[in-house]
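First the structure, then my questions, so here it is.
The values are calculated or read from the model by the stated rules, or taken from the named source; none is laboratory data. Keep in mind that what you see is a predicted model, and the values were worked out from it rather than measured. All Cβ positions, even for glycine, are placed from backbone atoms using ideal geometry, and neighbour counts span all protein chains on display. Remember, those area values only see protein heavy atoms, side chains included, never the ligands or the DNA or RNA. Shrake-Rupley method; radii C 1.70, N 1.55, O 1.52, S 1.80 Å.
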Amino acid sequence: MDKTAAISGVMGYVPDFRLTNAMLEEMVDTNDEWIVSRTGIKERRILKGEQAGTSVMAIEAVNRLLEKTNTATTDVDLVIAATVTPDMRFPSLANIVADKCKMPGIPAFDINAACSGFLYALNVGSQMISTGLYKKVIVVGADKMSSILNYKDRSTCILFGDGAGAVLLEPNEEGCGVLDCFMGGDGSGEKYLNLKAGGSRTPLTHELLDLGAHYVFQDGGPVFKMAVSKMAESAKLIMERNQLSAEDVHWLVPHQANKRIIDATANFAGLPIEKVMVNIEKYGNTTAATIPLCLWEWENKMNPGDNLILVAFGGGFSWGATYLKWAY
Ligand code: ACO
């Protein structure tokens, strides 16, 4: 690669409303001790308001990112959004964001890779820059998971929250940016983690609505096992093939699905927890937003040239890892 694509700015947005474990105790048969010990989550943010879709959060994140980086909307070449909860089946979330953030006429599309979505989108966006096709690409990961959760199902409703995070990608000639990436997938995982009703195979009916088939379904055990092994393997693989020892890595940026999965990944990669970005206790699993929300919160702690390993696993199954050098 002659040119690398570097993150030149990051911004996050989370809604104000906090859904705490104590509140969930009033809604389903659960308790704070169980949730914290099994997942590490203490609260999550929920987007409230009539007709407030995922775009509300994505637009906030992108507008604030443009302002922070002094980027003229007319200079942006492409918007890629990662989401499983677009406002509508179509048009894409990215199209809506590009329009509302006043970037008319530019290409914009969504990537659906569940919790690996942001990592996939970042990899795709960075390739668009490395080839020389584009100079400014916005990648936004956003999900309103509360719109697809059954708040009577204690096995799923405790896990997820709403949020958005966005990065600006630009060419970098100083050796910073995305230096390596890989993505993996296994569609046979559909039986363990899915949302059945409303797709073309199973269009929504009154009966399916009554059964709650329009909500997230997860068989947590097999997903947990696969997430641990794929996140750990992915981190190790990308470190090995870039000759990075644990000492060389400044930050591990894992998808935030479960604190136990994060700990196992860090352990396997030989990284102490001080080098691992963890904010799951505040936001839960925000699906495509977890990684950019971590980058946003740790932005002031990072230095130019820091080696970051991003790693994700999600529905599909899908997984992947990215090695990047922080640019600022
Ligand atoms: N409160 C109290 N008890 C509960 C709750 C709850 N909220 N949820 C489940 N339980 C019960 C179960 O019913 C079970 O009871 P039983 O033994 O009487 O049957 C018991 O707790 C143990 O359940 P397990 O499923 O074995 O608990 P586990 O330790 O596996 O933790 C969890 C469950 C947290 C869901 C875990 O499996 C997990 O994190 N899975 C992976 C999540 C993930 O990574 N998803 C991928 C990304 S998501 C995406 O891509 C959209």
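Given region 4-177 reduced to its alpha-carbon atoms as identical point scatterers, what log10 I(q)/I(0) does the Debye formula return at q = 0.09, 0.20 Å⁻¹?
For region 4-177, the Cα-only Debye profile gives -0.34, -1.22.
Further question: Kirkwood-based Rg over Rh for the chain (C-alpha set), two decimals?
My calculation puts Rg/Rh at 0.95.
Would you list His250, His206, His214, His255 from the most to the least accessible area, probe 1.4 Å?
Greatest to least solvent exposure: His206, His250, His214, His255.
Let me ask something else. Which order do you get for Ser155, Ser234, Ser200 if you rank them by accessible area with a 1.4 Å probe, largest at the top?
Putting Ser155, Ser234, Ser200 in descending order of accessible area: Ser200, Ser155, Ser234.
For the chain, what is the calculated [θ] at 222 nm in deg cm²/dmol (nearest 500), taking -39500 (n - 2.57) for each run of four or more DSSP H residues and dividing by its residue count?
So the helix-based figure for the chain works out to -9500 deg cm²/dmol.
How many percent of all Cα-Cα pairs in region 179-325 sit more than 27 Å apart?
So the pairs more than 27 Å apart make up 27 percent of the total in region 179-325.
Further question on the same structure: Cβ under 11 Å from Val276's Cβ, Val276 left aside: what net charge do those residues give with Lys, Arg +1 and Asp, Glu -1?
Within the 11 Å Cβ shell, the charges total 0.
For Asn285, which sequence-distant residues (separation of 5 or more, or a different chain) have an amide H within less than 5 Å of its own amide H, given hydrogens modelled in the peptide plane?
Close amide H contacts, sequence-distant or interchain: Phe160, Gly161.
If each of Ser200 and Ser229 carries a label point 7 Å out from its Cα toward its Cβ, how far apart are those two points in nm?
Each label point lies 7 Å from its Cα, and together they span 3.2 nm.
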